[in-house]
Every structure is written in C-alpha cells, then in structure tokens.
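Enquirer: Pasting a structure here, questions to come.
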Amino acid sequence: MRTSLIAALTAFALLSSTGCSPSRKELAAELDKVKDQLAGVQSEVTSLQGKIKQLEGEIVLRDQQIDGLTKDNAGMQTELQALRADQDRRKAELDTYRQLFAKLKKLIDAGTIKVSFRKGRMIVELASAILFDSGKIELKDAGKVALDEVTVALQSVSDRDFIIGGHTDTDPIRTKKFKSNWELSTARAVVVVDYMISKGYPAAHLGAAGFAEVDPVAGNDTPEGKAKNRRIEIVLMPDLGELEGIEDMISGGAK
C-alpha cells in the first residue's frame with residue numbers, strides 16, 4: 001500500500017514538472033486516488049497500532065501467568081518436599097516397627113507378651129499375673145525373666161522413648177500401702193521402669209504412668225475381662241519429627 005502511494009505521488013509530480021497542463025478532471029481524479037491511498041495507509045497504520053496494543057496486552061497477560069505459575073511451582077515444590085519428608089518419617093517409623101516386631105516375635109509366639117496398635121502407637125503388653133501377685137508390686141521371678149527378654153529386644157531401638165503404663169481392673173484396692181488403683185498402677189509402672197534401667201535400658205528414654213482402671217481393653221463384667229485389664233503396657237512413643245511452624249506459633253503466642 002505504501003509503495004502504491006509513493007508511485008502515485010511520483011506520477012503526480014512528474015505531470016506537474018513536465019510542463020504539461022493536465023485537465024482539471026485529470027487532476028481531480030489523481031487527487032482522489034491519492035486520498036484513497038492515504039486513507040488506506042491510515043487504516044493500515046491504525047490496524048497495526050491495534051495489533052501492537054493487542055500483542056502488548058497478551059505479553060503482559062503471559063508474564064502474569066508465568067509469574068503465577070512460577071509462584072505455584074515454588075509452592076508445589078515446598079509442599080512436595082514436606083510430603084517427602086513426612087513419607088521418609090513414616091518409612092523410618094515402619095522400619096522401626098518391623099525391626100522391633102521381629103525382635104519380639106519369639107515372646108509373642110510363646111504367649112509371654114502381646115503386641116498391638118492402639119491410638120496410633122505400638123504397644124507391648126504383659127499381663128500383670130506374669131509380673132506381680134495380686135495387690136503387690138514386687139516382681140515375680142517369671143516376670144523378671146519376661147522383662148529381661150523384652151528389655152534386650154527393645155535395645156534395638158534404644159534411641160526411642162517408651163512409656164510404661166500400669167493398668168488395673170475396676171475392683172477397688174484400699175490397703176495400708178495403696179489407697180487407690182491409681183497408686184497401685186503407678187507404683188507397678190515405676191517398678192518396671194527401674195528394673196529395665198537396671199538391665200541397661202537408657203533411663204532418659206523411659207517414663208512411668210499409672211492409668212488405674214480408666215483405659216480398659218475389655219469389659220470388667222467377667223473374670224476374663226478383668227484379667228485382660230490388669231496389665232503393664234510398654235508404649236513406643238511415635239517419632240513425629242519437628243513440626244514445621246510450631247516454634248513460631250509458640251513464640252508468637254508468648255508475646
């Protein structure tokens with residue numbers, strides 16, 4: 001279009017410079033032609049300007065989309081890293097369970113202990129009848145043998161924390177030494193902890209707690225149920241790792 005306009009303007013100039021006298025009609029026709037071509041050029045310029053603005057807008061939009069995707073990707077990478085870390089912790093926890101279960105299998109098969117999962121925790125359970133006489137806190141010889149074997153097995157995960165929990169049935173105890181099942185269950189847990197420490201388990205990874213009759217595993221309406229509830233539990237505390245953001249939450253709440 002621009003080439004045609006230049007050609008028309010050149011022809012018009014040549015007619016004027018040759019000394020020829022074009023007629024008024026010819027001049028008007030040539031002028032109209034030039035005007036049409038100018039209008040076409042203007043239209044083309046306007047169209048190009050519109051296209052440029054459109055492309056500029058598309059570029060801005062693409063930049064925004066790229067920025068958004070970059071941020072989303074960074075967020076996804078952070079989330080992915082957190083998921084991988086959590087998965088690694090779960091795999092490590094599973095390996096611990098497998099290792100410990102393998103160490104305890106002989107005792108499980110012999111019926112000396114039971115192993116279960118309750119409340120998200122691995123629990124090694126010993127019946128009180130194996131460990132103590134009724135109402136007593138002195139370990140029986142059979143109980144010492146059982147705890148010896150359990151302690152050796154637990155040494156494979158001696159960097160982990162265990163809570164020794166004492167449990168009773170609902171029959172109340174009121175003796176000169178123990179005024180309640182709370183006192184009896186706690187005293188028995190402490191005795192087991194002391195014994196395990198004497199056999200080499202790290203004291204820093206053991207704790208004792210008494211639960212009396214408040215955490216039964218069976219009904220207390222039959223002798224069999226009561227026998228199941230009279231027990232010592234060695235509870236492997238879960239390793240949750242560091243909870244991201246917990247320190248900031250605590251320090252922020254303390255302000």
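Enquirer: Considering only the stretch 121-162, state which residues are among the hydroxyl-bearing types (S, T, Y) and either within 30 Å of K179 (Cβ to Cβ) or in contact (Cβ under 8 Å) with a residue 60 or more places away in the chain (or both).
Expert: Correct list: S128, S134.
Enquirer: Please tell me if E213 is touching a strand residue (DSSP E or B) at 6+ places or on another chain (Cβ under 9 Å), assigned to a loop (DSSP other than H, G, I, E, B), under 10 Å from G166 (Cα atoms) and modelled with pLDDT of 95 or more.
Expert: Yes.
Enquirer: Does E125 meet the test of being more than 30 Å from T168 (Cα to Cα), acidic (D, E) and either outside the structural domain of E213 (by TED's automatic domain parsing) or modelled with pLDDT of 85 or more (or both)?
Expert: No: the conditions fail for E125.
Enquirer: I would also like to ask the following. Name the residues in the stretch 210-231 that are within 15 Å of I137 (Cβ to Cβ) and touching a Gly at 6+ places or on another chain (Cβ under 6 Å), would you?
Expert: Hit for the stretch 210-231 is G210, nothing else.
Enquirer: Another question, then. Has the stretch 146-158 got at least one residue that is of a type outside the set (D, E, K, R), in a loop (DSSP other than H, G, I, E, B) and over 30 Å from the mean Cα position of the chain (by Cα)?
Expert: No, the stretch 146-158 contains no residue that is of a type outside the set (D, E, K, R), in a loop (DSSP other than H, G, I, E, B) and over 30 Å from the mean Cα position of the chain (by Cα).
Enquirer: How about the stretch 69-117: which of its residues are in contact (Cβ under 8 Å) with a residue 24 or more places away in the chain and not in a helix (DSSP H, G or I)?
Expert: Across the stretch 69-117, the qualifying residues are T112, I113.
Enquirer: In the stretch 160-209, which residues are in a loop (DSSP other than H, G, I, E, B) and out of contact with any Ser or Thr (no Cβ under 8 Å at 6 or more places or on another chain)?
Expert: Within the stretch 160-209, D161, D169, T170, D171, T175, K176, K177, F178, K179, S180 qualify.
Enquirer: Additional query: For the stretch 66-98, which positions are closer than 30 Å to D161 by Cβ and among the small types (G, A, S)?
Expert: Once the filter is applied, which keeps residues that are closer than 30 Å to D161 by Cβ and among the small types (G, A, S), the stretch 66-98 yields A82, A85, A92.
Enquirer: A further question follows. Does G225 fit the bill of being assigned to a loop (DSSP other than H, G, I, E, B), small (G, A, S) and more than 26 Å from L154 (Cβ to Cβ)?
Expert: Answer is no for this residue.
The values are calculated or read from the model by the stated rules, or taken from the named source; none is laboratory data. Computed from a prediction, not measured in an experiment: that's the story for all the values here. Neighbour counts run over all protein chains shown; Cβ positions are idealised from the backbone, glycine included.
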